[in-house]
Amino acid sequence: MRVTIDPGQIAAMKAAIENTGRNLRKELAVACNATAAKGKSLIAKQIGKELATPQKNIRATISQTRKAKDTDISATLEVRKDRRISLKEFGARQTKAGVSYKISKTRGRKSIKSAFVVNSLGGHVFVREGAKVKASKGRYAGKMRQPIYKKYGPSSWGVFVVGKKQGPSVTEIEAELKKQIDRRIRFIALKASGTI
């Protein structure tokens, strides 16, 4: 997704910094970075409309991979494709049959048969791959078992792309960019007048 600066606001910023010795590109970069910082929360809120997990877990999967500077007035936010949220964060509960959890705010709970919660490993959900393996001899004969694997919910990226959360996010971030540029213009005006 791409968010662009309104030409009218560029003109307004140019007028605001006239005779102040400030650099137009640098001021726009400040506003751009402030928008990116807020943009993480805006994207997380959109994803959070679907995922039944606290916002902090979603925000942890979003990162700013490039900051704006006067030589390049653009910032990049990335919803990480490889960062899946632990199933523990979706209200996982141990049951007699396994573990139940709730991924979507619009759908009911699901369960994984034979899964288990391990409190000593952070309360995460695990499942054992395979049944008991018989050992031929030794003190552990008949007790060797396959390893356990941590279970994860969906990726924020999947919800963001497949769930079509990009469009609403662009609209909200564009509005935030306008707000941040206006805020910067007000700050420059107050600074120039000696009010602050």
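The values are calculated or read from the model by the stated rules, or taken from the named source; none is laboratory data. Nothing here was measured: the structure is a model prediction, and the numbers come from that model. Methodologically, a virtual Cβ is constructed for each residue, glycine included, from the backbone with ideal geometry; neighbour enumeration extends over all protein chains shown. These accessible areas exclude ligands, DNA and RNA; they are computed on the full protein's heavy atoms, side chains included. Shrake-Rupley method; radii C 1.70, N 1.55, O 1.52, S 1.80 Å.
Given the criteria outside any strand (DSSP E or B) and surrounded by fewer than 19 Cβ atoms within 10 Å (Cβ to Cβ), does K88 qualify? Steps first, answer last, please.
On the way: outside any strand (DSSP E or B): yes; surrounded by fewer than 19 Cβ atoms within 10 Å (Cβ to Cβ): no.
Criteria not met by K88.
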Item checked: Looking only at segment 166-196, and only at residues there that are open to solvent by 70 Å² or more (accessible area, probe 1.4 Å) and aliphatic (A, V, I, L, M), the one that is farthest from the chain's Cα centre (by Cα) -> A192
Notebook entry, point to check: Which residue pairs have Cβ atoms under 7 Å apart, sit 6 or more places apart or on different chains, and have a first residue in segment 16-31 that is of a type in the set (S, T, N, Q) and assigned to a loop (DSSP other than H, G, I, E, B) and a second that is surrounded by 12 or more Cβ atoms within 10 Å (Cβ to Cβ) and modelled with pLDDT under 95?
Noted result: T20/I188; T20/A192; N23/D70
Next item on the list: Give the residue that is modelled with the lowest pLDDT, with candidates limited to residues of segment 21-52 that are open to solvent by 50 Å² or more (accessible area, probe 1.4 Å) and farther than 30 Å from G158 by Cβ.
Entry: G21
Check: Residue check, S74 against (1) within 22 Å of G158 (Cβ to Cβ); (2) open to solvent by less than 40 Å² (accessible area, probe 1.4 Å), all met but one. Which one?
Finding: (1)
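Look through segment 114-147, keep the residues that are part of a strand (DSSP E or B) and open to solvent by less than 60 Å² (accessible area, probe 1.4 Å), and return whichever of them is modelled with the lowest pLDDT. Write out each step before concluding.
Just the residues of segment 114-147 that are part of a strand (DSSP E or B), to begin with: 116-118, 124-128, 132-133, 144-145.
With open to solvent by less than 60 Å² (accessible area, probe 1.4 Å) added as a condition, the list becomes 116-118, 124-127, 133.
Values: F116: 95, V117: 95, V118: 93, H124: 95, V125: 96, F126: 95, V127: 93, V133: 46.
Here the residue is V133.
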Checklist line | Filter result (assigned to a helix (DSSP H, G or I), over 16 Å from P7 (Cβ atoms) and hydrophobic (A, V, I, L, M, F, W, C)) within segment 179-196 | finding: F187, I188, A189, L190, A192
